[in-house]
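No value in this document is a laboratory result; all are computed from the given coordinates. Please read these numbers as outputs of a predicted model, since none were measured by experiment. FYI the Cβ positions are ideal-geometry reconstructions off the backbone, even for glycines, and counts take in every protein chain you see.
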Amino acid sequence: MQGLILLYYTCNYITSVCLMNFDLGNSKVSGVTAIEADNLTKIYRDNIRAVDGISFSVKQGEIFGLLGPNGAGKTTTIKMMITLTRVTSGQLRILGVDVAKSPQEVREMLGYVPQSISVDVDLTAYENLLIFAKLSYVNKKERNERIRSALEYMDLSGRANDLVKRYSGGMMRRLEIAQALVNRPRILLLDEPSIGLDPSSRKQVWKSIKQLNQEFGTTILITTHDMSEADELCDRIAIMSEGKIAILGTPTELKKDVGGDVITVNLGSPCNIVSFPKEVGRIINNNEKSIQILTTNGEEAIPLIADFFRSHEIKVESISINKANLDDVFMKYAKRRLGDTVYKSIRSTRRDFTRHSR
Amino acid sequence: MSVTRFIKSSVTVAEMEARKIRHDSTELWTRAIQPALWLLIFGETFNAIRTMPTGNFSYMQFITPGILAQSVLFISIFYGITVVWERDVGIITKLLSTPSPRSSIVLGKSLAASLRGVFQAIMIFALALLLGVKIRFDLPDILGVFAVVVLFAMCFSSLSMLLASYMKTRDRMMGIGQALTMPLFFASNAIYPISIMPTWLQYVSIANPLSYVVDAIRSMLLEGTYQNLPVDILALLVFTTIFVTLASRTIKKLLE
């Protein structure tokens, strides 16, 4: 009997040591790609190709953004990862594990925050985490500590024993993320994490996402159609449109793709500029009193442009800068079903310009 | 290892329900109203006019096990609506995204339904005491009734979840629940003996699972006989296993 007890404790000790090592090595398992999709396809009934042969890979430790308009197939892609919907064809591997073959093993490595609120509002925050920790088989000894630290991390400790139905939307969102953190996921899947949040709650959610990535090396896949969110958070971005990946790259690369920053100079009196230094930028629009110049880096170009006009003794009334942002990239690659012509502004001028100049 | 994990997950899902009931138990009390009315109005009336051939027992004694079975049937056959509602608020998505096996989630949900069934049984026992209905309050009998109630609720709630994964909406589940409960209830021995039915209906009631449940509960609470009990329990176990297996395969459809 005593032998058995000893054996039990030894086993427990060994598993806890292993778990500790696992936690420390949480950030990186060398060589394995975090998420690997190869020709991934999902066809729903009625022959709707929600995801149409996409291939991409997410490195460990990366924050990867899946962008696209509503109905582009982002959520379906995430649902295939968390094994809530079956892969029709193609391959999908999470840390080297095929989702079709070992769904349970895959779910053990993932944390998932769905698009709509999915915490149980009839339970307290603590209970939500407790139930989830139990269903994720978090070691009993670690359970309370993990729940406590997850609540603290998401700044919910003070109201842990309140029913969730008394929470605000932002708090529910944070609770949702806390819930996903309880099983210490290697990869966190966030489906539109800041939808319906006010700016300050959104900032708070962003901060914790970044912190998670930096402190624990958690790989994060995030879907959004908010370009500022993607620009703020993501290391790399894939823009999806009608089930396909339209373009993939870092935010900087993508912004370069649609051209650089546009500087508008308003002149005191009409004048005709014959030559403009190429190293500063290119004039893309000149209607005598207002000149638009395309530059690669707007901030650096402004003093040079000011100097240029001063040296030519042309009076400048104002200079404004219009920085390239991901909205332009989004509009270029995400096909829209409605209102294709809505977007008419200086940006489209710039896009046309860069397209023609190639 | 995986068996312990399976059981742990099922119990956890039931625990979730228990915690919800602890926070708000209004539903338990309102659920007790309907069987109370059956006993008070229907039961007392027929008891007074003594038209039912209920043998050595009074009509109140006869109908109490029937009403117990009926109210558990109602809870479990409409349990799919709860699950559809939980799908709508994202709870099912959350449960299915955990590493727990899906069959353990379904089994846990059916355990949750049986938890409500047990509360219902307690209410009806209390009511019977209050109305002075003579039933056997021996410990083995009471425990036996609870066992049957638990299995019965698990069986029909898993059937309800199986149906819910195809029906997908609360309205349709409401309709299908009504369509199932009425024939199950009236073509059984819950409120009158099978012997007074027309012959064709007697055949229907033989195929009716509710008749066996009522029979099992009645034999324990009134006669104190147990010879049919093994068969009843075995039948319930077999059907529960079948329904839980099928429902755990289909429950994912709810999300599509």
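Quick notes on this one:
- Annotation: the residues A:271, A:234, sorted from fewest to most other C-beta atoms within 10 Å of their own C-beta, follow the order A:271, A:234.
- With neighbour counts taken as other beta-carbon atoms within 10 Å, the residues A:153, B:59 rank, fewest first, as A:153, B:59.
- For residue A:42, the lysines whose Cα comes closer than 19 Å to its Cα, not counting residues fewer than 8 places off in the same chain, are A:74, A:79, A:101, A:244, B:252, B:253.
- Residue A:84 long-range amide H proximity, modeled H, under 5 Å: none
- Qualifying trypsin sites (Lys or Arg not before Pro) in segment A:265-325, DSSP loop, other Cβ atoms within 10 Å at most 14: A:278, A:289, A:315, A:323
- Per residue of peptide B:86-92, the mean number of Cβ atoms on other chains within 10 Å of the residue Cβ is 4.
- In the protein assembly as shown, helices alone account for a calculated mean residue ellipticity at 222 nm of -17000 deg cm²/dmol, with every DSSP H run of four or more residues adding -39,500 (n - 2.57).
- Chain B: angle of helix B:59-77 to the longest principal axis, Cα-based, in degrees nearest 10: 10 degrees
- When each of the peptides A:87-94, B:34-41 is scored by how many other beta carbons lie within 10 Å of its residues on average, the order from highest to lowest is A:87-94, B:34-41.
- Separation of segment B:32-92 and segment A:68-110, taken as the distance between their Cα centroids, equals 45 angstrom.
- Peptide A:125-138 has a mean shielding of 5, counted as Cβ atoms of other protein chains within 10 Å of each residue's Cβ.
- For chain B, a Gaussian network of Cα nodes joined below 10 Å ranks B:180, B:162, B:107 by mean-square fluctuation, and the top entry is B:180.
- Shape category assigned to segment B:194-256 from the gyration tensor of Cα positions, a/c cut at 1.5: oblate
- Of B:207, B:14, B:235, the one that fluctuates the most in a GNM where chain B has Cα springs shorter than 10 Å: B:207
- Residue A:284 long-range amide H proximity, modeled H, under 5 Å: A:292, A:293, A:294
- Both the radius of gyration and Dmax for the protein assembly as shown are 32.5, 118 Å, in that order, over alpha-carbon atoms.
- Greater than 32 Å apart at Cα, pairs in A:203/A:289; A:289/A:332; A:210/B:8; A:59/A:278: A:203/A:289; A:210/B:8; A:59/A:278
- Normalised by residue number, the volume inside the convex hull of the Cα atoms of segment B:2-255 is 132 Å³ per residue.
- The angle between the Cα long axis of helix B:139-167 and the longest principal axis of the Cα atoms of chain B comes to about 50 degrees, rounded to the nearest 10.
- In chain B, the longest principal axis of the Cα atoms and the axis of helix B:170-186 are about 30 degrees apart.
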